[in-house]
Structures are given as structure tokens and as C-alpha cells.
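The values are calculated or read from the model by the stated rules, or taken from the named source; none is laboratory data. Keep in mind it's a predicted model, so treat the numbers as computed, not measured. Neighbour counts are summed over all protein chains in view; Cβ atoms, including those assigned to glycine, are modelled from backbone coordinates with ideal geometry.
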């Protein structure tokens, strides 16, 4: 495995700050990038609060918390990524944004650097084709919340080299994750199975089958799920879930992946879930909206 010392993370949102925290916790130097300083400050605050919870639970010490935070630097300049050995992109689930980022990374990063995307649905082969180093492009899909969830899906593009994919696997394992390999197909494994189930829950609500709370209760007590589908949608983000469904629908042509009209209405209304204060539940008053 090439020597991976500095890991760049693009995006200080819930996924990006979680990846940065885990990478730093397992000894990597981390450079966290976002478009403005406020987002970076919010991301660093989230990391600090997450580590504090680990301290309170006795999983790490105050000294370890401080050491982890010292390993994370932040920047708004993608040119700073010239020092990175390995870059993990965790920006919005928008194909044009991601392709543009990888074109810029290809210009900025040293030629031996490996560039991976945390995309939950977009073709890794397509991402690689936007660069001059498709052999060093791969997918590394972390689960949310990153500090707690053990799985990473590894995705090999058509031109990803064996050496690159081996390094991606070893980096994931060094971060304490269990690694599985998924084919470069729409939504890979987890979301290919999970997202249609979440979408079906919204169809059930739209058809008046049961209330939000009763559907969540049914799936938690009937299937032993830790969260109901609407709780999970609010946590993941309704806009993110819709984006994944649209990629699946577009790339497979199968109507079973079409986003439920009610989900689209919620997104149009700005009801994205926890991050906006409203989704299928209203978080200020903890009351459901439907």
C-alpha cells in the first residue's frame, strides 16, 4: 500500500465531518474542505460535540479528543489539497458538482494521489472518466453516522486499478471499517435495497395506509428496525433520498425506482428532515407534519 499520511475530505456536512473525524481518530492527518468558513466552523463543531459524547461514554479520553482535533485542519481552498495522498469527496449528491470537483482535484493533486467519492448512487466509471487518472478513482461509500456505522462499500470503476482498489480497502480497514465490494451499478448494494423500501413507506403514507408514526412503529416493532422509515428519511435528508431515487430511476429505466410524488412535494416545500427542522416530523415541537 502506498504511504497514506494526509487524507483530504471534501464537504463539512454530516457525512464529510464524520469521515474527517474517523480518519483523524485512526491516525491520519486530515484536511477538511468546504465552500465557506461558516460551514467549516459548523462541521468542526459537530466533530467536537461527537468526540465529547465519546469522552462522556468513556470510549476516549479528553487527551485523545484533543489529539484527534489537532489532526484536523480546515480550508476553503481546493489548491491546498496538493499535499493530500488520498482524497474522499463527500459533497452534495449531484453529478455535475461531483464531476466538476474531480476535474479540479485531478489538476491540483499530485499524480500518485488516489481520489475517491462517497457517492451513494453515481457511477464511479463516469467520475473517473472526468479525470486523467481513471485508474486512481474509486468509490468509498460510508454509512451515516460515520463514527458509529461499521460498513464501507467499495466500488471499482471500469478503469480502477487493482492497486488502487487494494489501497482503498486498506484505508477503510485502517479506519476500523468492515469493507465490502459492490459493482458499479446504480445505488450499489445498501441503497439499492434500502431506498426503495423507504420510498414504499412514503407511497403507503400517500395512500392513507397508516400514519407516519404508525408506519414507523410497525417497522420498528414488526421488523426490529432501530429506526422507522420516516425517522430514517428525516435523518438522511429527504432531498438526498430523492436524488438517489432519481439516479436509480434514470440509470435503470425501471419505474419501481421512481420517487413517490408525496416525497417530491415535501422536498419542494423545503422539508428536508432534521437539517431543515422539518421533514415527516417537525423537530421544534416534535410533531409530525402529516
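Can you tell which of 93, 49, 107, 41 is in a helix (DSSP H, G or I) and within 30 Å of residue 247 (Cα to Cα)? Show your work before the answer.
Values: 93 fails: in a helix (DSSP H, G or I); 49 fails: within 30 Å of residue 247 (Cα to Cα); 41 fails: within 30 Å of residue 247 (Cα to Cα).
Result: 107 is the single residue among 93, 49, 107, 41 that is in a helix (DSSP H, G or I) and within 30 Å of residue 247 (Cα to Cα).
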Which one of these is over 27 Å from residue 252 (Cα atoms) and crowded, with 17+ Cβ neighbours inside 10 Å: 105, 101, 148? 105
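So is residue 192 more than 20 Å from residue 14 (Cα to Cα), out of contact with any strand residue (DSSP E or B) (no Cβ under 8 Å at 6 or more places or on another chain) and touching a residue at least 12 places away in the same chain (Cβ under 8 Å) or not?
On the way: more than 20 Å from residue 14 (Cα to Cα): yes; out of contact with any strand residue (DSSP E or B) (no Cβ under 8 Å at 6 or more places or on another chain): yes; touching a residue at least 12 places away in the same chain (Cβ under 8 Å): yes.
Criteria met by residue 192.
Within segment 261-284, which residues are in a helix (DSSP H, G or I) and either in contact (Cβ under 8 Å) with a residue 40 or more places away in the chain or assigned by TED's automatic domain parsing to the domain that holds residue 118 (or both)? Break it down into steps so the answer makes sense when it comes.
Filtering segment 261-284 down to residues in a helix (DSSP H, G or I) leaves 261-268, 274-276.
Across segment 261-284, the qualifying residues are 261, 262, 263, 274, 275.
Residue by residue, here is whether (1) more than 26 Å from residue 138 (Cα to Cα); (2) in contact with a strand residue (DSSP E or B) (Cβ under 8 Å, 6 or more places away or on another chain); (3) without any contact (Cβ under 8 Å) to a residue 60 or more places away in the chain holds:
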{"residue": "174", "(1), (2), (3)": "no, no, no"}
{"residue": "197", "(1), (2), (3)": "yes, no, yes"}
{"residue": "209", "(1), (2), (3)": "yes, no, yes"}
{"residue": "226", "(1), (2), (3)": "yes, no, yes"}
{"residue": "234", "(1), (2), (3)": "yes, yes, yes"}
{"residue": "246", "(1), (2), (3)": "no, no, yes"}
{"residue": "255", "(1), (2), (3)": "yes, no, yes"}
{"residue": "259", "(1), (2), (3)": "yes, no, no"}
Flag if residue 4 is within 18 Å of residue 147 (Cα to Cα) and not in a helix (DSSP H, G or I): no
When segment 128-145 is examined, which residues are found to be under 30 Å from residue 227 (Cβ atoms) and without any contact (Cβ under 8 Å) to a residue 60 or more places away in the chain? 138, 139, 140, 141, 143
What about residue 242, is it assigned by TED's automatic domain parsing to the domain that holds residue 29 and not in a strand (DSSP E or B)? no
